[in-house]
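The values are calculated or read from the model by the stated rules, or taken from the named source; none is laboratory data. The structure presented is a predicted model; accordingly, all values stated were derived computationally and were not measured. Note: ideal-geometry Cβ built from the backbone for every residue, glycine included; neighbour counts use all protein chains shown.
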Amino acid sequence: MNFDSQAQSKSSEIITDRPLISKSAFLVPVNDIQFEFGFEYQRQKIYKNNFTEEHENLILGNTQIRHGLSEVVELRIGAEYFTGRVLNSGIENISKGIRGVFVGSKVQLRKNQDIISDAALIINVNLPNGNVNLRPKEMEPGFIVAVSQNLGKGNLVCANIGGQRNSTIGKFEYIFAAFLIYKVVERTVLFLEFYDKTEKYFLKNPITDLGLTYLLKNNLQVDFSIGGLLFSEQKNIYGKIGFSIRFPD
């Protein structure tokens, strides 16, 4: 990642949305295609009405494809293969299949300014496709406004605010996120993220995420991260590994 002076261009280093849960305010260059691909392992322990529910999940091929349609618009599609085990009162239930199928776009609202350096609007629709037990009941429209402030020397502070319909509970969930990008050395970036998605209260049980990205080439990046719920009685920890590549070089 390189946030020194310019948003992503054909000659610049790749800028990705993964492994963050949040979204960046940067677009893929015109006519380029960017693949963002990863794996995630997650363990959860949920306490409900005097009983404990344990989850163990493995996400294979969490994939997002981004295509630059113009200087201010990109197309976004994606999905993932999920395998999960739930243990409830000694009863085990296993789910496997495609989930998280979505289509959307990112629109540039602001670019390379002194105050609020960059901003973008992400419009997203979760589709009722994939495994019948894992997919949403109906289409779930949502939006995110992503803003960032360039701090210089490759450092960046960013925020997301928005919402997404949850057809399972029949309600609109609010999204809030903030993250800090810190360039340690050339080609290596650390990030710290706070993310919350809730129907009522912001920052009630935010996910905290810490990780790094390493640039192998200008168009090829690998990433590693760990995270979880730090301020909740519920247990939720996960680890991610992935890579992103942009064509053409």
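Among the residues of segment 121-159, those that are farther than 24 Å from E186 by Cα and basic (K, R) comprise R135, K137.
G163 fails exactly one of the following numbered conditions: (1) farther than 24 Å from G61 by Cα; (2) in contact (Cβ under 8 Å) with a residue 24 or more places away in the chain. What is the number of that condition? Against the list (1) farther than 24 Å from G61 by Cα; (2) in contact (Cβ under 8 Å) with a residue 24 or more places away in the chain, G163 comes up short only on (2).
Against the list (1) at pLDDT 95 or above; (2) more than 29 Å from G228 (Cα to Cα), the condition S5 fails is (1). Applying the criterion of being surrounded by fewer than 17 Cβ atoms within 10 Å (Cβ to Cβ) and among the aromatic types (F, W, Y) to the residues of segment 210-249, the residue that is nearest to T16 (Cα to Cα) is Y214.
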